[in-house]
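The values are calculated or read from the model by the stated rules, or taken from the named source; none is laboratory data. Since the structure is predicted, the reported quantities are computational estimates derived from the model, not experimental observations. We place every Cβ from the backbone using ideal geometry, glycine too, and count neighbours over all the protein chains shown. Accessible surface areas use protein heavy atoms only, side chains included; no ligands, DNA or RNA. Shrake-Rupley method; radii C 1.70, N 1.55, O 1.52, S 1.80 Å.
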Amino acid sequence: MSLFRMERVKARSYIGVMVAVVLGVAAVDQAVKALMLSILTEGEALPVIGDWFRFYLLFNPGAAFSMGGEGSTWLFTTIQLVFVVGVAIAAPRIHDKWQAIGLAMIAGGALGNLIDRLVREPGFWFGHVVDYISVGSFAVFNIADAAITCGVVVFIIAMFWSEMNEKSEEQETGGV
């Protein structure tokens, strides 16, 4: 089997992983949002670990962790859609498992929040994201936001790790 063919086979296996992670994150995010909508009342805290960790329902027109404002909702919607589509297009070119997982976690979180922006009030493309996790005095967020943040960390570590491995291989082979 040629080297080119082996790389394509390897990339295909990550496409499946990426699709599973993207859809899994988005599905869990939407399921938990539905649960939280059924048990929480907007603006009322439900303590879990004292006042430090609580569920607190709010509808966020801005970016992750309640950043940004009402006037930017369309921009966040567009960015999320472009990122999800971009990851789908780039997926066949991803040859590192952890980079693939990191990107898929980010895309899954973006998709989870994108679904809110497309189907929730005040309407298509301008919908508000359901946020419900409140830790200390930090902003209120959701599973999609957490997946995006964790995905960025995984992706960055994977990039550094990959670069270190490439440099190590170059030194072992004498730069050939």
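Quick one: would you say LEU35 is closer than 13 Å to ASP131 by Cα and either open to solvent by 50 Å² or more (accessible area, probe 1.4 Å) or assigned to a helix (DSSP H, G or I) (or both)?
yes
Out of the residues in region 139-176 meeting the condition of being modelled with pLDDT under 90 and not in a helix (DSSP H, G or I), tell me which one is least open to solvent (accessible area, probe 1.4 Å).
Checking each candidate, the answer is ALA139.
Residues in region 71-94 that are closer than 18 Å to VAL153 by Cα and open to solvent by 40 Å² or more (accessible area, probe 1.4 Å): how many?
So the count comes out to 1.
Does LEU111 count as open to solvent by 30 Å² or more (accessible area, probe 1.4 Å), hydrophobic (A, V, I, L, M, F, W, C) and modelled with pLDDT of 95 or more? Give the steps one after another, and end with the answer.
Working: open to solvent by 30 Å² or more (accessible area, probe 1.4 Å): yes; hydrophobic (A, V, I, L, M, F, W, C): yes; modelled with pLDDT of 95 or more: yes.
In short, yes.
Can you tell me which residue in region 124-137 is modelled with the lowest pLDDT, limited to those that are more than 19 Å from PRO61 (Cβ to Cβ) and open to solvent by 30 Å² or more (accessible area, probe 1.4 Å)?
For region 124-137, the residue satisfying everything is SER137.
What number goes with the only condition from (1) part of a helix (DSSP H, G or I); (2) within 30 Å of TRP161 (Cα to Cα) that SER72 does not pass?
Going through (1) part of a helix (DSSP H, G or I); (2) within 30 Å of TRP161 (Cα to Cα) one by one, SER72 breaks only (2).
Based on what the data block shows, is LEU114 closer than 17 Å to ALA26 by Cα and either in a loop (DSSP other than H, G, I, E, B) or out of contact with any strand residue (DSSP E or B) (no Cβ under 8 Å at 6 or more places or on another chain) (or both)?
On the way: closer than 17 Å to ALA26 by Cα: yes; either in a loop (DSSP other than H, G, I, E, B) or out of contact with any strand residue (DSSP E or B) (no Cβ under 8 Å at 6 or more places or on another chain) (or both): yes.
Against the criterion (closer than 17 Å to ALA26 by Cα and either in a loop (DSSP other than H, G, I, E, B) or out of contact with any strand residue (DSSP E or B) (no Cβ under 8 Å at 6 or more places or on another chain) (or both)), LEU114 qualifies.
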